[in-house]
Protein chains: 2
Amino acid sequence: MQQSGLKAPARIPSDPIQRAWVALGRVSQSVQCEVESALKDAGLPELSWYTVLWELERAGTPTRPKDLAIPLFILPYQLSRLVDRMEKDGLVKRIACKEDKRGHLLEPTAKGFALRKAMWAVYAPAMEEALKRINDKEALELARLLNKLGGIEHVDCGDKG
Amino acid sequence: MQQSGLKAPARIPSDPIQRAWVALGRVSQSVQCEVESALKDAGLPELSWYTVLWELERAGTPTRPKDLAIPLFILPYQLSRLVDRMEKDGLVKRIACKEDKRGHLLEPTAKGFALRKAMWAVYAPAMEEALKRINDKEALELARLLNKLGGIEHVDCGDKG
DNA sequence: CCCTGATTGTTGCATGCGCAACCAAAACTC
DNA sequence: GAGTTTTGGTTGCGCATGCAACAATCAGGG
């Protein structure tokens, strides 16, 4: 009396999958935390602020929130409030959008540019430190596996010099 | 006039390191989100609740918060409030600790056991689904690289049957 | 025993977040 | 071009979170 083998869609993840899941959760939390701490200790804002500033800078031109929300993996209302805070701190400004009066364009201020640069000066070494246990070859292999896992294409992360 | 090469501690992460960093951030967020959504859609609480219940169940005996906080990568005040909510829902109970009157022991209730089981029925397939793009061999390699990166030893993640 | 210091756990407060409702402008339909 | 739907973005509310201060107990001297 053999079971069909087609009915049961392996409901229990294999041990290797479970190991990968656990490692992913713990290690990402751990390194994320390390870098965030470095920024906080330097009296700088959190990484999401950097990412917004970096995306705006990279775009090179005032950008709609909706065009930022997707690459940032962020929900519209999250971005809305993030921009609220950043605008209050004078890092970005909302400027009117003539083509679509519902929205607006986001543009970093001089202070915004300066802050991104200051953050990178802390962010970069912190990233280096957090990932120091693997070498470049391992890092590439790790990135490859992660991207295969997530089906995500390559994106830049920050300043190159 | 050659630079010493000893002074400058590579402050800019190499491209492979940056790629690994970005991939780690995005992919971990993405798969974490996927699994949390599955639980939410099933009307179940979030993963941290599962993890607490699982650790308690795994211990097999009433356990001090401090002995949970470390393996859970959680701060004492976070655990304190998490237990508040779980206790209010009748999933765990705080029982007096004779040896140390400062603290107490945590014990899952019958409802707590049942909930963990119900969550695993959703959690396991969701994990499987979220990680389906890699096979077992790749998962092992991924786990190995992540653990090397984080310097973290193996831990179980949940029910095996 | 009393004093000091470390450990264990909780809490007040301000801030942040998720959700669902909401508004205004655009786009589409007839 | 009035009516409906969709899109872009914000907001009120309740809950969660981080931080720093706090209380209570324990442990180790003198």
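The values are calculated or read from the model by the stated rules, or taken from the named source; none is laboratory data. This one's a predicted model, so the numbers in the text were calculated from it and none came from an experiment. Please note: Cβ atoms are built from the backbone with ideal geometry, for glycine as well, and neighbour counts cover all protein chains shown.
Given the structure, is B:ALA114 farther than 24 Å from B:ALA126 by Cα and of a type in the set (A, V, I, L, M, F, W, C)?
no
Criterion first (more than 20 Å from the chain's Cα centre (by Cα), within 16 Å of DNA strand C (Cβ to nearest atom), more than 28 Å from B:ASP41 (Cβ to Cβ) and assigned to a loop (DSSP other than H, G, I, E, B)) does B:LYS101 satisfy it?
Criteria met by B:LYS101.
Which of the residues that make up the stretch A:31-46 are surrounded by fewer than 17 Cβ atoms within 10 Å (Cβ to Cβ), touching a residue at least 12 places away in the same chain (Cβ under 8 Å) and closer than 19 Å to B:GLN18 by Cβ?
Correct list: A:GLU34 only.
Which pairs do you get when a residue that is more than 7 Å from every other protein chain (Cβ to nearest Cβ), found in the stretch A:133-148, comes within reach of a residue that is surrounded by 17 or more Cβ atoms within 10 Å (Cβ to Cβ), reach meaning Cβ atoms under 8 angstrom, with the pair 6+ apart or on two chains?
A:LYS137/B:PRO16
Scanning the stretch A:59-82 for residues that are of a type in the set (Lys, Arg) and out of contact with any strand residue (DSSP E or B) (no Cβ under 7 Å at 6 or more places or on another chain), which turns out surrounded by the fewest Cβ atoms within 10 Å (Cβ to Cβ)?
Step by step, filter the stretch A:59-82, then rank; the result is A:ARG81.
For the condition part of a loop (DSSP other than H, G, I, E, B) and either under 28 Å from A:ALA143 (Cβ atoms) or at pLDDT below 95 (or both), what is the one hit in B:LEU44, B:LEU72?
B:LEU72
May I ask you to list the residues in the stretch B:83-121 that are buried (at least 19 other Cβ atoms within 10 Å of the Cβ) and touching a Leu at 6+ places or on another chain (Cβ under 9 Å)?
Residues satisfying the conditions are B:VAL83, B:MET86, B:LEU91, B:VAL92, B:LEU106, B:PRO108, B:GLY112, B:LEU115, B:ARG116, B:MET119.
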